[in-house]
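In what follows, a structure is listed as structure tokens, so that the remarks can point back to it.
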Amino acid sequence: MIDRFNRKIEYARISITVRCNLRCRYCMSENGIEKISPKDVLTYEEIIHVTKIFSQLGIKKIRLTGGEPLLRKNICELIAALKNINGIDQVTLTTNGILLSKYLENLISSGIDGINLSLDTLDAKIFSELTRRDLFSKVIESFQTLIDKNFLNIKINSVLIHGINDREILKLVELAKNNPIKIRFIELMPIGCAENFIGVPTSEIFKVIEENFGNMIPIDEKDQLHGPARYFKIENFIGQIGFIDALEHKFCSNCNRIRLTAEGFLKPCLNFGIGLDLRNLLRSNCDDQMILSAIQQTIYNKPREHLFNEINDLRDERKMYQVGG
Ligand code: SAM
Ligand code: SF4
């Protein structure tokens, strides 16, 4: 559907858990999450129900995220059910990769259309320092399994932080030289624990890449389902380089997404706390038409732009692992 600023909203990111098997310093505290009761998390039936309503409103792409989505049982059954919904063209997944090689075969059988693997470093020591877990080999194994299986739509997400992994740019870019992947640099957004760190701005990453690999040629991405990433190619590279620079290059005028938290709160903008308590609606006596109208109104009123760079009384206090990135 079209919101009040004439943006076509077609993409929903659905978080299915707040739990995680890593403790990335910029996302989660050492002690992990605040406990929530399992009954506060949307069931798969509820997620499928909401997605059917989303699809009636023009949502075409679903991304499952978390927390770590592969920690939730029977995720492949959920993916298969979402793929079956009329109007849903793509179901994709964002994962930290710890459990990915174990589940990849089943994910492929369930019809997954794309996998985003978060990988901020190619150095085992930096990985342990950043994630507080000594599990680098698991993530690399998953990356290799994706490549070996010729999985088609692989994106690697990297968040660079000054003083931690800011020297990893070239090694990460090299992944796209030799592999059919998109490596995407995501600017650190000031949410939760991330406020204690300084992210590397896109312009700095861009400069380092061009100094070392030559000109980056923009790719005209006509397909809006890709969302706000800007993609580039480099001569002789098999893969592509992408940037999601929410701070340096505000892309809100092209934003096509909404977010649903694991606890069933519909967020039209990452930055703001405003939205819709869908869990409450789903568990009340509301019929589908009432739920659809409430979602429609929430999407219509999606804020014009984020205010991450300003003091903002309406900002969301949720952490990134609660929202799903
Ligand atoms: N656990 C999964 C993973 O790490 O891929 C999915 C959830 S995680 C919240 C999704 C993405 O958000 C990851 O790529 C992570 O690096 C990114 N992320 C987390 N906190 C962030 C922040 N403050 N700014 C930008 N990206 C962030
Ligand atoms: Fe877990 Fe992903 Fe957050 Fe890291 S970024 S702590 S893997 S939810």
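The values are calculated or read from the model by the stated rules, or taken from the named source; none is laboratory data. In this text the structure is predicted, and so the values were computed from the model without any measurement. Counting neighbours? That spans all protein chains shown, and the Cβs are built from the backbone with ideal geometry, glycine included. Accessible surface areas use protein heavy atoms only, side chains included; no ligands, DNA or RNA. Shrake-Rupley method; radii C 1.70, N 1.55, O 1.52, S 1.80 Å.
Angle of helix 169-178 to the longest C-alpha principal axis of the chain, folded into 0 to 90 degrees and rounded to 10: 90°.
Which length gain, in nm to one decimal place, applies between residue 77 and residue 45 when the Cα-Cα distance is subtracted from 0.36 nm times their residue separation? Spell out each step's value before the answer.
Values: separation 32, 0.36 × 32 = 11.52 nm, distance 1.09 nm.
Computed gain between residue 77 and residue 45 is 10.4 nm.
Checking every one of the trypsin sites (Lys or Arg not before Pro) in region 1-34 against DSSP loop status and a limit of 11 other Cβ atoms within 10 Å picks out 4. Compared with the direct C-alpha span, the chain from residue 124 to residue 177 gains 17.0 nm at full extension, assuming 0.36 nm per residue.
For residue 267, the lysines whose Cα falls under 23 Å of its own Cα, not counting residues fewer than eight places away in the same chain, are 8, 35, 39, 52, 60, 61, 83, 250, 302, 319.
Going through region 175-284, which GluC sites (Glu not before Pro) have at most 11 other Cβ atoms within 10 Å and a DSSP loop state?
235
Relative to the longest principal axis of the Cα atoms of the chain, the long axis of helix 44-56 lies at roughly 90 degrees.
Each label was represented as a point 7 Å from its Cα along the Cα-to-Cβ direction; for residue 148 and residue 296 these points are 5.1 nm apart.
Solvent-accessible area of the chain (1.4 angstrom probe, protein heavy atoms only): carbon and sulfur portion equals 48 percent. Across the alpha-carbon atoms of region 170-244, the computed radius of gyration and Dmax are 13.2, 39 angstrom.
Working from the Cα coordinates of region 11-323, the gyration tensor eigenvalues give, after taking √(5λ), semi-axes of 30, 22, 20 Å in decreasing order.
In this rough spin-label picture, where each label sits 7 Å from Cα along the Cβ direction, the residue 132-residue 249 distance is 3.4 nm.
Given Cα positions, please report Rg to Rh for region 128-222, the hydrodynamic radius being the Kirkwood one. Working shown, then result.
Working: Rg = 14.7 Å, Rh = 15.0 Å.
Here the Rg-to-Rh quotient is 0.98.
Computed from the Cβ-Cβ distance with R0 of 30 Å, the FRET efficiency linking residue 8 to residue 313 stands at 0.55. Against the main long axis of the alpha-carbon atoms of the chain, helix 136-148 sits at an angle near 90°. About the centre of its Cα atoms, region 11-323 shows a dipole size close to 540 debye [charges on the beta carbon of Lys, Arg (+1) and Asp, Glu (-1) only; nearest 20 debye].
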